[in-house]
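As structure tokens, the structure follows; a few thoughts come after it.
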Amino acid sequence: MNPNELFHQLQLQIWNITWNRYITQELFSSRWWGTLIFLFILYVIWLKLLDKARTFEIVLFGSFVAVQAVFIDIAGYSMGLWQHNIRLLPIVPGVFPIDFTVVPILLMFAQQYGSSWSKYLIWSALGSILFSFGISPAFQFFDIKAYYNWSFSYFFFLMMIVSVTSRLTIQLVEKTVQENSTNFSSSKNFTPIPQPAAKRLPEEGNKDDREN
């Protein structure tokens, strides 16, 4: 059996194990419902406090955070640093609860309330501390997620890196949009089509002479 076929067979075995475990142990269990309720409450709080006038900017920012969080989660799972014991959906790894919800929402609050870089870093640090030393240990305590040879302090530094790169990215996007909008507005006043020259009106004195 060649390596590619062997790898595919292992993937099928992992899927069968994942699906059977999801149906028999995870789905509708107390931990499954607890995770769902926790995420629902978090979404309600976020929607309640969201600055509706900045929805597009904040959600776009959260998307940048989610992309990086998913990458980190998949990398850590691939290296055997952690695994998801409770999944809302039968996928491996179960990235939805943390990567698409918890981490983005915590940093979206930082983006919303951190008008300056100093305030933003303070809010980001508070969100990182809450996730690293509050939510993550709670997930481990309730056996929602298991960690192997991992320190929760690492999450703090990873979240701060994600927060800085996401802030820089959204600022770069905003600057690019503003520059393009300015260039577009300026170009609207310019037309490459030659316009006919205006005919000069006769002076009043010449007009009186012709009348006489």
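The values are calculated or read from the model by the stated rules, or taken from the named source; none is laboratory data. Note that the coordinates shown come from a computational prediction; the quantities given were computed from them, not determined experimentally. When we count neighbours, we look across all protein chains shown, and the Cβ atoms used for this are built from the backbone with ideal geometry, even at glycine. SASA here: full protein model, heavy atoms, side chains in, ligands and nucleic acids out. Shrake-Rupley method; radii C 1.70, N 1.55, O 1.52, S 1.80 Å.
Restricting VAL70, VAL65 to those that are of a type in the set (A, V, I, L, M), modelled with pLDDT of 95 or more and part of a helix (DSSP H, G or I) reduces the list to VAL65.
Could you tell me whether segment 129-147 includes any residue that is hydroxyl-bearing (Ser, Thr, Tyr), modelled with pLDDT of 95 or more and assigned to a helix (DSSP H, G or I)?
Of segment 129-147, the ones hydroxyl-bearing (Ser, Thr, Tyr) are 132, 136, 147.
So of that shortlist, the ones also modelled with pLDDT of 95 or more come out as 132, 136, 147.
Imposing the further condition that a residue be assigned to a helix (DSSP H, G or I) reduces the set to 132, 136.
Yes, segment 129-147 contains a residue that is hydroxyl-bearing (Ser, Thr, Tyr), modelled with pLDDT of 95 or more and assigned to a helix (DSSP H, G or I).
Pairs meeting the criteria (first residue in segment 148-165 and part of a loop (DSSP other than H, G, I, E, B), second residue surrounded by fewer than 14 Cβ atoms within 10 Å (Cβ to Cβ), beta carbons under 9 Å, at least 6 apart or on different chains) are TYR148/GLY80; ASN149/GLY80. In the set ILE72, ILE105, ILE91, ILE14, only one residue is in contact with a Leu (Cβ under 9 Å, 6 or more places away or on another chain) and open to solvent by 30 Å² or more (accessible area, probe 1.4 Å); that residue is ILE72. Of the residues making up segment 91-103, one or more are farther than 22 Å from TRP19 by Cα and of a type in the set (S, T, N, Q).
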